[in-house]
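Each remark here refers to the structure printed beneath this line.
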Amino acid sequence: MKQKKEFVYDIVCSLVIYKNDRKQLLDAIDSFLNTDLEVKLVLIDNSPTNDLANIKIDSRVEYVHNPSNPGYGTSHNIGIKKFSDISKYHLVLNPDIYYSKGVIEEIISFMEKDKTIGLVMPKVLYPNGKIQYLAKLLPSPFDFFTRRFLPFKKLKKRISDKFELKFSGYDIIMDVPYLSGCFMVFNTEVLKKINGFDEKIFMHMEDLDITRRCNEAGFRTVFFPHQFVYHDHLYKTFLTFSNLKMYFSSAFYYFNKWGWIFDKNRKTVNKFTIENIMRLKK
């Protein structure tokens with residue numbers, strides 16, 4: 001008879017930081033720690049200095065100074081690998097997220113009912129309450145680049161609305177092939193099976209890649225609208241040349257890996273996603 005595995009932690013959270021605003025970062029930390037669950041928070045600080053080492057003195061918090069700054073996904077893998085054998089779930093959290101008590105608890109309760117669920121993202125809101133449309137289809141190169149650079153607003157909006165699944169209303173539980181990395185709750189066993197984040201991606205596209213690999217491994221990736229978090233987000237990709245270069249570098253890596261024109265699964269997955277949402281909406 002197979003012995004049931006005992007976990008030390010209900011959920012471990014990895015939070016990658018880089019010279020962050022202390023108040024904003026504390027909001028994210030306090031949100032995660034505001035729970036009766038057995039938790040561990042790993043702060044992976046990629047800043048040149050360790051000025052944030054004392055941001056939160058709590059036995060549940062572990063600080064790791066990582067000034068080599070190897071990238072977003074690679075840094076999260078530090079926290080994932082360290083605790084993957086003793087935690088049941090793992091939260092990948094951005095430092096500009098905050099939320100109320102009960103969010104994690106309800107997501108875990110939902111995941112406990114279906115062991116085929118590998119990843120869940122809740123509804124994500126701006127601080128003013130507006131929805132951030134972060135549940136998406138798999139992008140084609142056309143979708144990816146025209147959404148950013150197409151000058152025709154109506155066509156651009158039509159492409160974006162479909163890509164971001166706005167027709168769903170963001171009010172139903174739905175299987176989605178691309179979830180945002182700002183707040184990802186994984187079944188830790190699934191993370192182990194897919195080997196965490198692809199460390200060849202420095203930043204941007206790592207969330208798309210890991211959602212897709214979770215799906216390819218046979219697990220559901222689910223948008224869960226019955227709980228929400230706030231994302232105090234400023235879109236920074238094109239503010240500097242280095243960010244723009246990083247964005248393109250990640251995109252080219254992703255499409256080289258999964259396929260540009262001849263991506264054998266993209267059309268099938270997107271078609272299934274849309275048809276399934278339409279059935280749910282009836």
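Throughout, read-outs are computed from the coordinates displayed, never taken from laboratory work. Everything numeric in this text was worked out from a predicted model, so none of it was measured. All Cβ positions, glycine included, derive from the backbone under ideal geometry; neighbour counts span all protein chains shown.
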The range 73-141, dipole about Cα centre (Lys/Arg Cβ +1, Asp/Glu Cβ -1), debye to the nearest 20: 100
Estimated dipole of the chain in Debye, rounded to 20 [Cβ of Lys and Arg +1, of Asp and Glu -1, Cα centre]: 1380
Exposure proxy order (Cβ contacts within 10 Å, fewest to most) of GLU275, GLU62, GLU106: GLU275, GLU106, GLU62
Residue-averaged [θ]222 nm for the chain, counting only DSSP H segments that reach four residues, each worth -39500 (n - 2.57): -11500 deg cm²/dmol
FRET efficiency, 1/(1 + (r/R0)^6) with R0 41 Å, evaluated for SER249 and ASP21 via beta carbons: 0.95
Of all DSSP beta bridges in the chain, antiparallel share, percent nearest 5: 35
The range 129-152-the range 268-282 distance, computed between alpha-carbon centres (Å): 18
Selection of trypsin sites (Lys or Arg not before Pro), the range 116-178, meeting DSSP coil and at most 13 other Cβ within 10 Å: LYS130
Compactness of the range 83-204, expressed as Rg and Dmax over alpha-carbon positions, Å: 16.2, 51
Entries of LYS40/LYS193; LYS193/LYS257; LYS156/LYS271; LYS193/LYS281; LYS40/LYS101; LYS166/LYS281 with Cα pairs more than 24 Å apart: LYS193/LYS281
Amide H within-cut-off set for MET174, under 5 Å, with H built and near neighbours excluded: PHE223
Kirkwood hydrodynamic radius of the range 9-281, from inverse mean 1/r over distinct Cα pairs, in Å: 19.1
